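The values are calculated or read from the model by the stated rules, or taken from the named source; none is laboratory data. What you are looking at is a predicted structure, and each value in this text was computed from that prediction instead of being measured. Glycine gets a Cβ as well: all are built from the backbone with ideal geometry, and neighbour counts include every protein chain shown. Just so you know, the surface numbers come from the protein's heavy atoms only, side chains and all, with ligands and any DNA or RNA stripped out. Shrake-Rupley method; radii C 1.70, N 1.55, O 1.52, S 1.80 Å.
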Amino acid sequence: VLITVPHHLVEQWGIEANRLYPDMRVLVIAPDDFTKQRRAELLSRIATEQFDAILCAHTSFGFIEPGQVAQEFIARDVARLETYLEELRASSAGRDRRTLKEIARKVAALETRLLEMEDAIRHDSAQTITWSELGIDALFVDEAHEFKNLGIPTVMGSIPGVPKGDSKRAFDMRVKTWDLIRRGGRVVFATGTPILNSVGEAFIMQLYLAEAALEAHGIAMFDAWARTFAEVVPI
């Protein structure tokens, strides 16, 4: 299991893990140890040695390149967005052409951004041990709300409560959790504040942890989820 925690808690978690489970083999990676010069060595140890648990900071976790996994995720997401646009067009008899063009621009902009990420990821991970090569079968994320700023495609505009985040660290976590769950691994998010600023953050947490359930109910896109669980009201 890989456990990722805020920067200032890595040492504390390591001490407590060794105290509570003295026979457990734990690799504690201090943030200062995960430098560019030492990163390959530490990733090689994770991939080749048998640890019961690996502890690292959120920042260190973000330095683990997703590699091919990200390219697969991006290709899937672009395909989903194209399908979503076609569904919108098919169900938009009452929409004017201007609205449809605006929707198409939003989807195209996100597709472009995803493809740019794919190119950057391919370049950065050319000579690095990547996420899928580490053999991680479970992920525990402490203070998981720090990854809530995930970019969500929506045609709802600037309505308060609609997610507006678009952070690199959230996208990185999304790719890795998606990959782990599809491989049959386990993901646990721990946080006392799953919703900080908007009700839309509930959808983001569900997307991380239960995307298959959302898809099974036809609400894997935020607009469909919002129509099911929320209502737009004037304030």
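Please report the carbon-and-sulfur percent of the accessible area for the chain; probe 1.4 Å, protein heavy atoms only, DNA, RNA and ligands left out.
Details: 6870 of 12920 Å².
Carbon with sulfur: 53 percent of the solvent-accessible area.
For R183 and R89 in one chain, what is 0.36 nm times their gap in residues minus the Cα-Cα distance, to one decimal in nm?
Working: separation 94, 0.36 × 94 = 33.84 nm, distance 3.39 nm.
So the chain would gain 30.5 nm between R183 and R89.
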*asked:* If you split all Cα-Cα distances of the chain into 5 Å bins from zero, what percentages do you get per bin, shortest first?
replied: 1, 6, 12, 17, 18, 15, 11, 8, 6, 3, 2, 1, 0, 0
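Counting only heavy atoms of the protein chains, get the accessible area per residue of the chain (1.4 Å probe) and round it to a whole Å² value.
Normalised by residue count, the accessible surface of the chain is 55 Å².
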*On full extension of the chain, what length is gained from R169 through R105, given 0.36 nm per residue of separation minus the C-alpha to C-alpha distance?*
20.6 nm
*Nitroxide proxy distance, nm - points 7 Å out along Cα→Cβ at Q37 and L9*: 3.1 nm
*Per-residue SASA entry for F229, accessible area with 1.4 Å probe, Å² rounded to 10*: 130 Å²
